[in-house]
Amino acid sequence: MSSFQVKVVGDFCNIRCTYCRNRDFDQDTCVVMKVGTLEQVLDFLTSLPQKRIRTHWHGGEPLLAGKEFFDHIVRLQKAHPGISWANAVQTNAILIDDEWASFFRRHDFHVGVSVDGSKRTHNINRVNRAGSGTFSQVMDGVEVLRRNGVTLSVICTVTSKTAEYAEEMLCGLVDAGFKDIAFNVFYNTASRTGDDPHALTAAQWLSCLIELFESWLELNDAAVRVRELDGMLAWTRSKTANLCSYRGLCHQWFVVDYTGELYPCERFGRSMCFGRVDSLASFQELFASPPFLDWKTSISTLPRRCQSCGLQPLCHNGCVAHTASDSQGVPLYVYCESRIGFYRYVCSRLEGKERTDDATETGYVNPVAR
């Protein structure tokens, strides 16, 4: 089922996270999507054969579009009674007040907030325009959402400056009352490439994952769900994790910019445009277009390491935006060794063994047939 991120304010944001993948774009100009474009977007989405459409409202900071704009979203969606809309919004929560929270609860919006762990780790990177930390403001918004009965999840971005504090980040989020937690490894592909000082190495990400896993075990709280740990535990049962970067379904994710232009997932930035919602008659036309077919083919080629790896049916070469050319010039997931090393570590822990020295070994055959 295709899913969509709709950037209703482009890159416009009210804070200045030091690692933001949009920092090389224009974050200062307010460019809210026009209501006419919003109407075209929703009409275009209804050309899909599916009757349930997942829409993730993004930015920059999407709440900068204003409450009236979100009222238009609900009003226009109701004009398509045959469609079930699953709405989610990802926000830094600083603008949240009782009116916003009530709106999200009434209209069944899932709200994801961006919090990078504890107050200390969050304030390392998530700062305002003056360079001051934003943790206290974010948590004020979180409390308003909870007081209004809004369902919350949290995304914590891990950078090279915070990776060593994995336990602190997890425990900070749990202490703040979060139960549905996801960690995003930072690897910038939208603007800078390769030399981004915030990007994690494979070794850093593996060490972070192991520390998260051990900290989660020590918590011993089944109500705390960590997306990355759930995904790896699924692997130990020979099941594919329910996350796009494990399922090889990147071609089912799209970004709709505030202009109405269609792109792949936001992690690609604006390097590949498939067209505009006002010039494409339907998604069938999009799926048959040469730009989309060429792009889909380009992300489907497996590197040699994947072809000989028994985990390939569960991994699918990871996130296709987080790749670098291997020795044959084929894009390979940059965190391949992290993923396989973590799998081996979790298997060893489930079997009651200590970590093995070869935890980052890759390319072995059929490890899931244990």
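The values are calculated or read from the model by the stated rules, or taken from the named source; none is laboratory data. If you're wondering where the values come from, they're calculated on a predicted model, not measured in any experiment. Quick reminder, even Gly has a Cβ in these numbers, built from the backbone with ideal geometry, and neighbours come from all protein chains shown. Calculation scope for accessible area: heavy atoms of the full protein, side chains included, ligands and nucleic acids excluded. Shrake-Rupley method; radii C 1.70, N 1.55, O 1.52, S 1.80 Å.
Restricting attention to the stretch 326-348, and to residues there that are part of a loop (DSSP other than H, G, I, E, B) and among the hydrophobic types (A, V, I, L, M, F, W, C), which single residue is surrounded by the fewest Cβ atoms within 10 Å (Cβ to Cβ)? Walk me through how you get there before you give the answer.
Here is the first cut: in the stretch 326-348, the residues part of a loop (DSSP other than H, G, I, E, B) are 326-330, 334-335.
Remaining after also requiring among the hydrophobic types (A, V, I, L, M, F, W, C): 330, 334.
On the way: V330: 16, V334: 21.
In this case the residue turns out to be V330.
Consider the stretch 89-111. How many of its residues are in contact with a strand residue (DSSP E or B) (Cβ under 8 Å, 6 or more places away or on another chain) and open to solvent by 20 Å² or more (accessible area, probe 1.4 Å)? So that I can check it myself, show each step before the final result.
Within the stretch 89-111, the subset in contact with a strand residue (DSSP E or B) (Cβ under 8 Å, 6 or more places away or on another chain) is 89-93, 104, 107-111.
Cutting the leftovers down to open to solvent by 20 Å² or more (accessible area, probe 1.4 Å) gives us 90, 107-108, 110.
The total comes to 4.
When only residues in the stretch 33-53 that are among the β-branched types (V, I, T) and in a helix (DSSP H, G or I) count, which is most open to solvent (accessible area, probe 1.4 Å)? Break it down into steps so the answer makes sense when it comes.
Going residue by residue through the stretch 33-53, those that are among the β-branched types (V, I, T) are 35, 37, 41, 46, 53.
Retained after the next criterion (residues that are in a helix (DSSP H, G or I)): 35, 37, 41.
Working: V35: 53, T37: 22, V41: 1 Å².
Per the criteria, the residue is V35.
Among the numbered conditions (1) assigned to a strand (DSSP E or B); (2) surrounded by fewer than 21 Cβ atoms within 10 Å (Cβ to Cβ), tell me where P81 comes up short.
It fails just one condition, (1).
For the stretch 140-150: of the residues being out of contact with any Lys or Arg (no Cβ under 8 Å at 6 or more places or on another chain) and open to solvent by less than 30 Å² (accessible area, probe 1.4 Å), which is nearest to V185 (Cα to Cα)? Explain how you work it out, then say what you get.
Within the stretch 140-150, the first condition is being out of contact with any Lys or Arg (no Cβ under 8 Å at 6 or more places or on another chain), and the residues that meet it are 140-147.
Among the residues that remain, those that are also open to solvent by less than 30 Å² (accessible area, probe 1.4 Å) are: 141-142, 144-145.
On the way: G141: 24, V142: 23, V144: 28, L145: 26 Å.
Once the filter is applied, the top-ranked residue is V142.
Would you say L64 is under 17 Å from N128 (Cα atoms), modelled with pLDDT of 95 or more, over 17 Å from the mean Cα position of the chain (by Cα) and of a type in the set (A, V, I, L, M)? It would help to see each step written out before you state the result.
On the way: under 17 Å from N128 (Cα atoms): yes; modelled with pLDDT of 95 or more: yes; over 17 Å from the mean Cα position of the chain (by Cα): yes; of a type in the set (A, V, I, L, M): yes.
Yes, satisfied.
Mind telling me which of the residues S136, S153 ends up being out of contact with any Cys (no Cβ under 6 Å at 6 or more places or on another chain), of a type in the set (G, A, S) and open to solvent by 60 Å² or more (accessible area, probe 1.4 Å)?
Within the list S136, S153, the selection yields S136.
Being over 22 Å from the mean Cα position of the chain (by Cα) and either open to solvent by 20 Å² or more (accessible area, probe 1.4 Å) or of a type in the set (F, W, Y) (or both) is the filter here, so list the residues in the stretch 287-300 that pass it.
Here is the first cut: in the stretch 287-300, the residues over 22 Å from the mean Cα position of the chain (by Cα) are 287-291, 293-294, 297.
Residues satisfying the conditions are F287, A288, P290, P291, L293, D294, T297.
Please determine, by comparing only the residues of the stretch 301-319 that are open to solvent by less than 30 Å² (accessible area, probe 1.4 Å) and assigned to a loop (DSSP other than H, G, I, E, B), which one is nearest to T240 (Cα to Cα).
Pass one, the stretch 301-319, residues open to solvent by less than 30 Å² (accessible area, probe 1.4 Å): 303, 306, 309-311, 314-315, 317-319.
From what's left, assigned to a loop (DSSP other than H, G, I, E, B): 303, 309-311, 317-319.
Working: P303: 20, C309: 15, G310: 13, L311: 10, N317: 13, G318: 12, C319: 14 Å.
Taking the candidates together, the pick is L311.
Are any of the residues in the stretch 88-105 more than 23 Å from the chain's Cα centre (by Cα) and either under 21 Å from K51 (Cα atoms) or part of a strand (DSSP E or B) (or both)?
Scanning the stretch 88-105 turns up no residue that is more than 23 Å from the chain's Cα centre (by Cα) and either under 21 Å from K51 (Cα atoms) or part of a strand (DSSP E or B) (or both).
So which residues in the stretch 248-286 are in contact (Cβ under 8 Å) with a residue 12 or more places away in the chain and part of a strand (DSSP E or B), if there are any at all?
Those that are in contact (Cβ under 8 Å) with a residue 12 or more places away in the chain and part of a strand (DSSP E or B): W253, F254, V255, V256, E261, L262, G275, R276.
Do we have G269 as at pLDDT 90 or above, closer than 30 Å to C30 by Cα, within 23 Å of the chain's Cα centre (by Cα) and surrounded by 14 or more Cβ atoms within 10 Å (Cβ to Cβ) here?
Answer is no for this residue.
Restricting to the stretch 108-155, what's the tally of residues that are within 22 Å of the chain's Cα centre (by Cα) and not in a loop (DSSP other than H, G, I, E, B)?
So the count comes out to 22.
Of everything in the stretch 235-247 that's in contact (Cβ under 8 Å) with a residue 40 or more places away in the chain and surrounded by 15 or more Cβ atoms within 10 Å (Cβ to Cβ), which residue is farthest from F186 (Cα to Cα)? Steps first, please.
Of all residues in the stretch 235-247, those in contact (Cβ under 8 Å) with a residue 40 or more places away in the chain come to 235-236, 238-241, 244-247.
Going one step further and asking which of them are surrounded by 15 or more Cβ atoms within 10 Å (Cβ to Cβ), we end up with 235-236, 240-241, 244-246.
Numbers: W235: 23, T236: 25, T240: 22, A241: 20, C244: 16, S245: 14, Y246: 17 Å.
Among those that are in contact (Cβ under 8 Å) with a residue 40 or more places away in the chain and surrounded by 15 or more Cβ atoms within 10 Å (Cβ to Cβ), it is T236.
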